[in-house]
1. Taking Phe118 and the conditions (1) open to solvent by 10 Å² or more (accessible area, probe 1.4 Å); (2) assigned to a loop (DSSP other than H, G, I, E, B), which numbered condition does it fall short on, given that it satisfies the others?
2. Can you name the residue in region 144-177 that is basic (Lys, Arg), more than 13 Å from Thr111 (Cα to Cα) and in contact (Cβ under 8 Å) with a residue 40 or more places away in the chain and is also most open to solvent (accessible area, probe 1.4 Å) among such residues?
3. Being crowded, with 20+ Cβ neighbours inside 10 Å and small (Gly, Ala, Ser) is the filter; apply it to region 555-610 and report the residue that is modelled with the lowest pLDDT.
4. Of all residues in region 647-687, which are over 29 Å from the mean Cα position of the chain (by Cα), of a type outside the set (Asp, Glu) and under 25 Å from Pro461 (Cα atoms)?
5. Being part of a strand (DSSP E or B) and open to solvent by less than 10 Å² (accessible area, probe 1.4 Å) is the filter here; which residues of region 415-450 pass it?
6. When the residues of region 498-554 are filtered to those that are of a type in the set (Phe, Trp, Tyr) and closer than 15 Å to Val573 by Cβ, which remaining residue is least open to solvent (accessible area, probe 1.4 Å)?
7. What number goes with the only condition from (1) under 30 Å from Tyr139 (Cα atoms); (2) over 27 Å from the mean Cα position of the chain (by Cα); (3) modelled with pLDDT of 95 or more; (4) surrounded by 19 or more Cβ atoms within 10 Å (Cβ to Cβ) that Trp259 does not pass?
8. Confirm whether Ile660 is closer than 22 Å to Glu617 by Cβ and β-branched (Val, Ile, Thr).
Amino acid sequence: MSVSSDWFRARLTPLILAGCCGLGPSAEAQSRALEPKAALVDDKRIDRIDERDPGAWLAYGRGYDEHRFSPLTQINRETVGDLGLVWSRPIEVRHRLQTSPIVVDGVIYYTDSWSVVFAVDADTGETIWTFDPETRRQYARWSCCGGPMNRGVAVYRGRVYTATFDARLVAVDAATGKKVWDVDTADYPSRVPYTISGAPLPASGKIYIGNSGSEWDHRGYLTAYDADTGEKVWRFFTVPGDPSRPFENPELEQAAKTWSGEWWKLGGGGTVWNSITYDTDLHTVYVGVGNGTPWPRRIRSPGGGDNLFLSSVVALHPDTGRMKWYYQTTPGDNWDYTATQDMVLADMVVDGRERKVLMQAPKNGFFYVLDRRDGKLLRASPFGAMNWATHVDMETGRPVENPDVVWEERPQWILPGNTGAHNWEPMAFDAGRGLAYIPTHDTPFFFALPEDYLETGVYTPRRNRMNLGVATGSYRTRLIEAAGERPEPKGFLKAFDPLTGETVWKVRNRTARIGGVLATGGGLVFQGDGSGFLSAYDSDSGEPLWKFQSYGSIIAPPIAYQVGNTQYVAVAVGARIEYFDVGRMLVFALGGNASLDEPPKRDRVIPRQPAMTASEEQLREGDRLYHQLCASCHGYQARGYRNADLRLMSSAVHEAFQKIVREGLLLDLGMDSFAGDLSMQEAELVRQYIISRANIDRAAAGPP
């Protein structure tokens, strides 16, 4: 059977690969002739948002303090029962929607997964303009976590700034949606392309942005660009490069003394893929630094060392990029414990003294309170389930690792897992109550060293493949089976006191996959989850007061804003694996009576598979290749929880497999050609492995 590209897209894509990586913007989402509005936002307005703009949401965390707290009270504990949907807008790219909207002067700005920017009337939902940066869709394969993503824009001095997934920073006129400038932030040599997932930070006349992809052997950095011209002002590398060459910034000479071996050949990691914020009081930019690569320190830095500035909060001078101080949350990171989670700035009385503090709940499970003048540790309290460490030594500031839980010696389940006790999903902080509301994961990960490394003592990075340095595929499966009971992953919303370390209340989420958090002056906390519900809870007790079924997966954080006399709550809804076509921006207000129809469900029954011709040895090779090249997008053991579930492929898709994998038949959907990585024979071994997994799971499911 000969399968044409056009026929495949028209007939099979909606049925088999819906949600794989999304489609481009629809004709409906193109520019409309509404009255242009300029977004006149500057540092002072962002910093004084509560005084000047109680109804606005001017930056990623609402203001520079990153509280994600709205003082609006129209929607409150007494009225929330009357909250309803007012308008919704489809977002054709449904995959992993993480965008946090910005609302300025009655316009809401948000993005889809491909970094397309939408400017919409925040009151009516009418499109004002749409800007498509034409992100190179083949970059989807370079995602560390299953496809393209974008957490939102920055709005500053009459422009909208978007950081594209293919690592560009683009300035757009806020009134017209026309491109002003476009720069490539990935001007540093690397073996594979850089990507960006986080939102840019506007401050002090500059736009600050980092990069993603530690898992692809990248070296992390933060770059400052002139907001007017796009000219690069400075760059701060977070980990040292080859010590035989001059260091790019002087802090790296000292950092290099904390590394050993030939780490620079493996990249090192330390990408700044999420949290960046600005302190107007101290004129300081704070940067959250990511994990090391490969994950095991034994491989990455075999002689030991803290590996600065991995898993650290780093304070930089905004004008020069020179470091003021740093605090490392996880010295010698061994677990993918990034410190890239959002950072909250506040003025608090700590031990009888007024202090300017920075608070963070990073992946490692400890909640940190730092003096943001000098990085001094004030508090370090556990907020999530953990077994890797027992406590933080307040004298040294270092976590005390649990000597009974050393996964390099005995493969085992570790808590928190690589998703962290808290990941990128933002927390909220209510300064009046003194509580942080944290979306928390109790999700373990089974850590084990790679089989070939244990056999040879040599770790060889593979070209164009993720190099985590941990066991994958059937070898990992056998280890898990031998370990016995598999811990249940859980998700929680926790109200946490940063000073006492007390969990005041907690609510277990319906799924382990959870969304970011919004707190409001109406005594409410809003959060979505993977089951599709957006819920409102009492800020003081955690009592559930309201919920709405979106028929999608809500991992993006909600926001609140006001236009005229009406308060709104908005949230982006992405794909839920059992449904088609559920990408939306949803906006709620009191008295809203719009409704959503339940979308059509996918057929999740695994079909009868083609004949399997591979030997056991060939299946093991297909297993290895699949988990090195395909699993980050299509799921462990081919169970596509993020993108297309390959066990559901039809016979026609099986026949087109070589065209898809090696000839780029679905490049416009983000499925790159792997011709440079897989021969025809190797691609067939991957297909044979998928057939074997489908047969196993079909048999386990029983008759349909």
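1. Of everything listed in (1) open to solvent by 10 Å² or more (accessible area, probe 1.4 Å); (2) assigned to a loop (DSSP other than H, G, I, E, B), Phe118 misses just condition (2).
2. Arg157
3. For region 555-610, the residue satisfying everything is Ala575.
4. Ser679, Met680, Gln681, Ala683, Leu685, Arg687
5. Selection gives Ala428, Phe429, Asp430, Ala436, Tyr437, Ile438, Pro439, Thr440, Phe446, Phe447.
6. Across region 498-554, the extreme among qualifying residues is Phe526.
7. All conditions pass for Trp259, except number (1).
8. no
The values are calculated or read from the model by the stated rules, or taken from the named source; none is laboratory data. In this text the structure is predicted, and so the values were computed from the model without any measurement. Positions of Cβ are generated from backbone atoms using ideal geometry, with glycine treated the same way; all protein chains shown enter the neighbour counts. Note: accessible area is taken over every heavy atom of the protein model, side chains too, but ligands, DNA and RNA are not part of it. Shrake-Rupley method; radii C 1.70, N 1.55, O 1.52, S 1.80 Å.
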